[in-house]
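Step one of this worksheet: look at the structure below.
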Amino acid sequence: MTEHDRDFDIKGVAPAPPLHGQRPEGYRSGFACFVGRPNAGKSTLTNALVGSKVVITSNKPQTTRTVVKGIVHRDDAQLILVDTPGLHRPRTLLGERLNDLVMSTWSEVDVVAVCFPADEKIGPGDTFIVNELAKVRRTTKIAIATKTDKATPEQLASHLLAIAELGRTTGTDWAEIVPVSAVGDSQVGLLADILIGLMPEGPQLYPDGELSDAPEEAIVAELIREAALEGVRDELPHSIAVVVEEMNLREGRPADRPLLDIHANLFVERDSQKGIIIGHKGSRLREVGTAARLQIAAMLGTPVHLDLHVKVAKDWQRDPRQLRKLGF
Ligand SMILES: Nc1nc2c(ncn2[C@@H]2O[C@H](COP(=O)(O)OP(=O)(O)OP(=O)(O)O)[C@@H](O)[C@H]2O)c(=O)[nH]1
């Protein structure tokens, strides 16, 4: 039995569907996972590789909660990208669950790629991640210097040396160190070649053209969450969760004018946070709703009616029952 004959059961990602199509000689397939400190450019890189916005990017740290994957299709390979939450020193039950999820994902993928933004010095956060990753012995590790467009050639050179040094001090054997700019589309193709070269030989795992198997509800929830976080205090990101309760095409609409009805609840931890989200006489919530609605409509290609409610779920990050209900 080869590696790919068993069901892949990466936590939070559905087991692989039945195998598709014939594969030419030498066809490769497998899983890669980007890690790195918040804002390192992981989601942007996933999007650049896949060529479509499937992972939600944001300029605020720590918004990637769910495991969402994008799929790179090539004639000779299929590369499945898994995105994990950030790794933190756990302070709550949610924090512990997220860390467990990250560690088990790392041990099940073929390659873990650590992203180090070239415009920032390597710091304790990076060292923490690489030290944790070093405990996962079997998985191949590569380092990516991201956002190279934001660094001078001299800065980039010393950044690459610092990455190599971090490998040495943590006992991590980087299979490659690759400088990339997702925004400038520099070396993204090379990165794809390198990742694919590190995948095992195996069959096509997903049908052609499938970009992501993240359920639409999860993508919609992330878009709402992103809109709700826009312009609010830095500590609020940890306290918001969005659950899409219902998503249905409205009945009785003409075929050329569909309308998607979405009912979603936005959970905060405290009444004071509810006030921040809702704003003066509901003004902020209306803006959040409009922004999310337009994003969802653009993503799904259907006009949307969004019904958004804000609820307080006291200390949901610490309560196992609430966490289960919210999908963690
Ligand atoms: N100039 C430049 N900016 C980039 C590049 N890649 C990402 N960014 C920006 O950096 C910010 C963070 O990027 P993300 O892709 O959301 O980072 P992330 O690592 O997924 O962040 P978390 O989800 O918070 O862990 C965004 O504002 C991006 O537009 C790049 O190659 N060049």
Worksheet item: In segment 96-115, what residues are free of Cβ contacts under 8 Å to residues at least 60 places away in the same chain and among the small types (Gly, Ala, Ser)?
Response: Ser107
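So, Thr169, is that one under 17 Å from Gly36 (Cα atoms) and out of contact with any His (no Cβ under 8 Å at 6 or more places or on another chain) or not?
Values: under 17 Å from Gly36 (Cα atoms): no; out of contact with any His (no Cβ under 8 Å at 6 or more places or on another chain): yes.
It is false that Thr169 is under 17 Å from Gly36 (Cα atoms) and out of contact with any His (no Cβ under 8 Å at 6 or more places or on another chain).
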Practice prompt. Inspect segment 224-244 for any residue being in contact with a helix residue (DSSP H, G or I) (Cβ under 6 Å, 6 or more places away or on another chain), in a strand (DSSP E or B) and either modelled with pLDDT of 75 or more or more than 17 Å from Arg286 (Cβ to Cβ) (or both) and give the result as yes or no.
Written response: yes
Worksheet item: Of Lys135, Lys150, which residue is closer than 26 Å to Leu79 by Cα and basic (Lys, Arg)?
Response: Lys135
Discussion item. What's the number of the only condition in (1) touching a Ser or Thr at 6+ places or on another chain (Cβ under 9 Å); (2) over 24 Å from Gln187 (Cβ atoms); (3) at pLDDT 70 or above that Pro38 fails to meet?
Written reply: (2)
Worksheet, complete the sentence: Among (1) modelled with pLDDT under 85; (2) assigned to a loop (DSSP other than H, G, I, E, B); (3) crowded, with 18+ Cβ neighbours inside 10 Å, Lys60 falls short only on (3)
Worksheet item: What do you reckon, is Gly189 out of contact with any helix residue (DSSP H, G or I) (no Cβ under 7 Å at 6 or more places or on another chain), buried (at least 18 other Cβ atoms within 10 Å of the Cβ), in the same structural domain as Leu133 (by TED's automatic domain parsing) and not aromatic (Phe, Trp, Tyr)?
Response: no
Fill in: Total residues in segment 89-147, condition within 16 Å of the ligand (Cβ to nearest atom), outside any loop (DSSP other than H, G, I, E, B) and surrounded by fewer than 16 Cβ atoms within 10 Å (Cβ to Cβ)
1
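The values are calculated or read from the model by the stated rules, or taken from the named source; none is laboratory data. Remember, it's a predicted structure, so these values are computed and weren't measured experimentally. We place every Cβ from the backbone using ideal geometry, glycine too, and count neighbours over all the protein chains shown.
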